[in-house]
Amino acid sequence: MFSKQDDLKSSWLCLTHFYDTVSKELERTLKEKHQLALREFYVLLFLSEAPDKALPLQELQHKIGLSQSAMSRLAARMESKSCGVIRRHGWGDDKRGVYTTMTDSGEQLLNEVMKTFEETIRKTLQNCEIGPSFNTLVRTSNKKS
């Protein structure tokens, strides 16, 4: 008989496998159809949800999980790629802080990409049985040991 710890471990492994599967499929599909990396998609998505479609570069770095230098390189590529889907600039009197703003081109690209994103997620969800594992993980983690 399996213990609660085994259920929790199995559910966690299933969820991480599911996440990896979905991420890889999204990466492949976004590159194939839009020449966009998954992290570039996340930059556009986070900016689209921010007030004035702008965020400090450091905040984007934390949301995406990149080092400062990797985020700077990604932002530089996105600034020059596709007629500049983002723009980096200083903010007010603080010359140290760099803000990133989505451009009209970025907004247009994100609108095109969202359909692909949603289709890919739906297709991948249909092919995975994640529900029972997710429910087990939530149930097990909510119970006191």
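Within region 4-132, the ratio Rg/Rh, alpha carbon atoms throughout and Rh by Kirkwood, equals 1.06.
I need to check one value: relative contact order of region 4-132, counting alpha carbon pairs closer than 8 Å and at least 6 residues apart, in percent.
The normalised contact order for region 4-132 reaches 27 percent.
Every number in this text was worked out from the coordinates using simple rules, so none of it is lab data. Here the structure is a predicted model, which is why all the values come from computation and not from measurement.
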